[in-house]
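Beneath this line is the structure, given in structure tokens, with notes to follow.
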Amino acid sequence: MHAVLLLLRNLTARNLKVKYQRSFLGFLWTLLNPLATTLTLVAVFSAIVRLPVEHYWAFLLSGFFVWNFMNMTVNSATHVLPQHAPVIRAAKVPAEAFVLAAITSRLVEFLIELALVVGAIAFFHHGTLPASFLMLPALIAAQVLFAVGLVLPIATLGAFYDDVQHSLPIVFMVLFYISPVFYPASLVPESAAGLYALNPIAALLGLYHTVLYEGLVPSYTAVLDMLIVSCVVCVLGCMVFRRYRHTFAEVL
């Protein structure tokens, strides 16, 4: 177990080092890209479309970086195994280590982003640090488990079919508009509420909005349900990956 954790730590550190080694601004690019998108959305939906959301910037920040984590993490899964094909074929390194390292390196970036978001919302929106922020570890745990459950089977498909890396951006573009990233779930028509509730990402974003933007402690049942769903998705994703991992050295 210690050897696996050491391998995961080293792969995560290497991913972060490689990503920023030739960049003058380094980690700042991780913030600048989503921040530019955030500022654009704030400008559009505060000054032009004018959604009925007070302190819209705080609402957007409370969910956008969560969405960005899911989007970037899942998209990275489409090429992580082909990218490390020579090592997977030649060395006795478990393929899942590369997938989990991709998630972990993105998680490190997300936690730094979240710390900045928490500080900005607490200081400029609430004027204090709400007790609801204590629920963040549970939400992060659900988020990571859910991401692992999505990434593992997508990485498996990506090892067999190049179509995955071309089709996934389209899927996430659709998910972006049917998830409460830039609008509150309260604006969804009642006729579509039932179908809308089937989107687990929407539920996760809703919890983050409650905790960060509203400063309220969400229903413990809702948090527990999200954790259960994330665990189920994670277990199923692991089962799919283990079912096909012995074939990766042959197809990559």
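Hydrophobic long helices, here whole DSSP H runs in the chain with Kyte-Doolittle means of at least 0.0 and Cα atoms spread over 18 Å or more along the helix axis, are found at 2-20, 28-43, 56-76, 95-120, 136-160, 163-177, 220-244. Distant-in-sequence amide contacts of VAL93, defined by a placed amide H-H separation under 5 Å and a gap of 5 or more residues or a different chain, comprise nothing. Going by neighbour counts of Cβ atoms within 10 Å, the residues THR156, THR210 line up, fewest first, as THR210, THR156. Each peptide in 228-236, 188-196, 5-13 gets a packing score, the mean of other Cβ atoms within 10 Å over its residues, and the list from highest to lowest is 228-236, 5-13, 188-196.
Where a ≥ b ≥ c are the square roots of the eigenvalues of the C-alpha gyration tensor, would you call segment 165-231 rounded, which needs a/c under 1.5, or, failing that, prolate if a/b is larger than b/c, or oblate? It is prolate, given that a/c is not under 1.5 and a/b is the larger ratio. At full extension, THR221 and ARG89 could sit 43.0 nm farther apart than now, given 0.36 nm per residue minus the alpha carbon distance.
Along its first, second and third principal axes, ordered by size, the chain spans 56, 45, 35 Å in Cα coordinates.
No lab work stands behind these numbers, since they all come straight from the coordinates. Everything quoted here is computed from the prediction, not taken from an experiment. Glycine also receives a Cβ, built like all others from the backbone with ideal geometry; neighbour counts cover every protein chain displayed.
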